[in-house]
Amino acid sequence: AVNFALQHLVSTGKLDLNKNISHYLSDFNDHPEDDVKGKNRLRVIDLLHHHAGFPASWNYYDPKAAGHLYSQSRSKTLEYLVKTPLSYEPGTKQIYSDIDYMLLGLIIEKVTNERLDTFVENQFYRPLGLRHTLFNPLQKGFKPPHFAATERKGNTRDGTILFPNIRTYTLQGEVHDEKAFYSMEGVSGHAGLFSTVDDAAVLLQVMLNGGGYGKQHLFSRSVISQFTEPSKTNPTYGLGWRLNGNTDMEWMFGKHASNKAYGHTGWTGTVTIIDPVYQIGIVLLTNKKHSPVINPKENPNQFEGDAFATGKYGSVITAIYEALHHQ
């Protein structure tokens, strides 16, 4: 959702990746109490490269973890996003951060003057005829049985985690991610989009086609090249997209993807691969987190499904390439 929106806005000249974040978010600045400073120098592109200095996550929804940035209200969370402190000197590391994409979602909302879900659903998904790609599907006519479950006992990690308003029922059709659900009303730059393999295949084909599908033109081929160019500091990072830049990415891309392949994973058990050399798009949607937690007290985020072949991704992707090679 966010990358398609950004690629569209860059293609139409409505957003400049090299402008400071503060150009779009006026309240984005350092505070005297911040241990690490440098927000005034950060650009939009730094968020996309995941070297802006933000921690991997910030649990806004949990008062014990979030402190003065505790929020279970979307409007309040958007205020707190720009106040979230940096955790390391910008540019010195490359750490995937949900905060980066939450901020990018907010920038899109500021530029378009629309909420993220409204913008992408009206601008991309409906014109492409994608009826199953949307945020908050239970509010838009779908029912829980239409969806794969994503955790057995809500967000409790088999009963070991507790915070205000935590869900304890099996999750179906609600975004699993806690920040997105409790703090962002289901609509966030880092999580919340639902889809199907058929719909996702169209979105991957848009990238393979150079930015269009049928009569719909979303963004330019040159912008795709810009977003899939390797970072100077890490060849496995593009702008948002992960790249098959070296053997470190075999766990995701398998053994046979070209060095031009790119894509991304999702925490609940999803991966997309786009390989322009072979003109192939792969969508693997699993619900590996809908399984028992292996050792809840030691590592509440390690589920039995993570050890499944499907949950490890790479072996499945490898098998697809090998099947194609043998045709």
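Read-outs throughout are calculated quantities, based only on the coordinates presented, and are distinct from any laboratory measurement. It should be emphasised that the depicted structure is a prediction, and the values quoted were computed from it without experimental measurement. No Cβ is skipped: glycine too gets one built from the backbone with ideal geometry, and neighbour counts run over all protein chains shown.
Summing charges over all other residues whose Cβ lies under 11 Å from the Cβ of Tyr321, with Lys and Arg as +1 and Asp and Glu as -1, gives -1.
For region 79-186, trypsin sites (Lys or Arg not before Pro) meeting the loop criterion (DSSP other than H, G, I, E, B) and having at most 15 other Cβ atoms within 10 Å: Lys83, Lys93, Arg131, Lys140. For the peptides 169-176, 195-202, the ranking by packing is 169-176, 195-202, with the highest mean count of neighbouring Cβ atoms within 10 Å listed first.
Just give me a number: lysine pairs in region 197-325, eight or more positions apart or cross-chain, with C-alpha atoms less than 24 Å apart. Value for region 197-325: 10. Counting charges near Gly67 (Lys, Arg +1; Asp, Glu -1) among other residues having Cβ under 12 Å from its Cβ returns a value of 0. For log10 I(q)/I(0) by the Debye sum over Cα atoms at q = 0.08, 0.10, 0.14 Å⁻¹, computed directly from the structure shown, the correct entry in (1) -0.37, -0.57, -1.12; (2) -0.36, -0.58, -1.24; (3) -0.48, -0.74, -1.27 is (2). Comparing Gly281, His264, Gly238 along the charge dipole axis of region 230-327, the residue lying farthest to the positive side is Gly238, per the Cβ-charge model.
With K and R counted +1 and D and E -1, the other residues having a Cβ less than 13 Å from that of Glu304 yield a net charge of +2. Residues considered: Asn295, Asn59, Asn136. Largest GNM mean-square fluctuation over the chain, using C-alpha springs under 10 Å, is found at Asn295. As a rough footprinting exposure proxy, the listed residues Val277, Val120 were ranked by other beta carbons within 10 Å of their own, and the order from fewest upward is Val277, Val120.
Just checking the listed ones, Thr150, Thr233, Thr268: in the Gaussian network model of the chain with Cα springs under 10 Å, the one fluctuating most is Thr233. Taken about its Cα centre, the chain carries a charge dipole of about 420 debye when Lys and Arg each add +1 at the Cβ and Asp and Glu each add -1 at the Cβ. Each part reduced to its alpha carbon centroid, region 261-327 and region 143-191 end up 20 Å apart.
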